[in-house]
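To keep things clear, I will list the structure first and then write my remarks on it.
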Amino acid sequence: MDWCGLAAARPAHWVPDAHALCCFACGTSFGALIRRHHCRCCGAVFCHACSSRSTSLHGWGLEQSVRVCEECYSFEVSQLPVLLAGDLFWRTARWTGTRSGRYLRLSADQSAIIWTTWRDDSGAETSAERTLPLSNLRFVSVAQDGRRIELHKDGGEMLSFEAEAAQTAAWAAALARLVAILKQRHSYERLYGGRIESFSPRSKAILAPRIRLCLERRQQQLVSSNQAKLLAAMNPN
């Protein structure tokens, strides 16, 4: 299916119809009765049954609800809010063994992981933001103990943050899915869109100011709500 019926206007990350003989999810062959549908998020091609969901994709500059596949719908609705809201993790000093809190969150434009030091008594963020661009993140893993999320950077360096096993698993799964979407889009752009530049995730520059403001406000609400819950749990009285 061409974008607005014009092949020349097909988004760069969309897999061309000629390269999609069957649904990327269930394997059903396309034909006269089974039409092709592109997921507006990842760019892959699906049958109607595997891409019947719709949602807005503000991070990609799409305000209206658009067709997405099941995996991308689940990410946008369930996993992305977890990353945007952020959560409290811990780091242990190598030599002293002391633990200090780190509040991790995904940047509003969804291009980097941000963290700041978190004080136990007040929840105040006491250090300047540190960032890890997703373009420098090779992959995400979980340590054997299930409590540490490991961010593997280009060059072999690894950052690890500790939390409860369920929280770590949720964050690792959500972040791994986001990285997979970004790299899949870039791969399709290189194969089918004629783009040869190195991998670089979305940036604020490609988002309209109105959409950027919407993203930032949404994140502020999510972060404020989550931090209030954390403080209430730390100071029950």
When region 39-61 is examined, which residues are found to be under 19 Å from ASP109 (Cβ atoms), of a type in the set (S, T, N, Q) and in a loop (DSSP other than H, G, I, E, B)? none
Taking the stated definitions as given, is CYS42 surrounded by 21 or more Cβ atoms within 10 Å (Cβ to Cβ), at pLDDT 90 or above, farther than 28 Å from SER225 by Cα and assigned by TED's automatic domain parsing to the domain that holds HIS19? yes
Check region 181-199 and report whether any residue there is in contact with a Ser or Thr (Cβ under 9 Å, 6 or more places away or on another chain), buried (at least 16 other Cβ atoms within 10 Å of the Cβ) and at pLDDT below 90. yes
Test result for LEU57, buried (at least 21 other Cβ atoms within 10 Å of the Cβ) and within 21 Å of LEU175 (Cβ to Cβ): no
Boolean, ALA18 is outside the structural domain of SER225 (by TED's automatic domain parsing) and assigned to a loop (DSSP other than H, G, I, E, B): no
When only residues in region 62-80 that are without any contact (Cβ under 8 Å) to a residue 12 or more places away in the chain and not in a helix (DSSP H, G or I) count, which is surrounded by the fewest Cβ atoms within 10 Å (Cβ to Cβ)? GLN64
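The values are calculated or read from the model by the stated rules, or taken from the named source; none is laboratory data. Note that the structure is a prediction, hence the values are computed from the model and not measured. Heads up, the Cβs are rebuilt from the backbone with ideal geometry, glycines too, and the neighbour counts pull from every protein chain shown.
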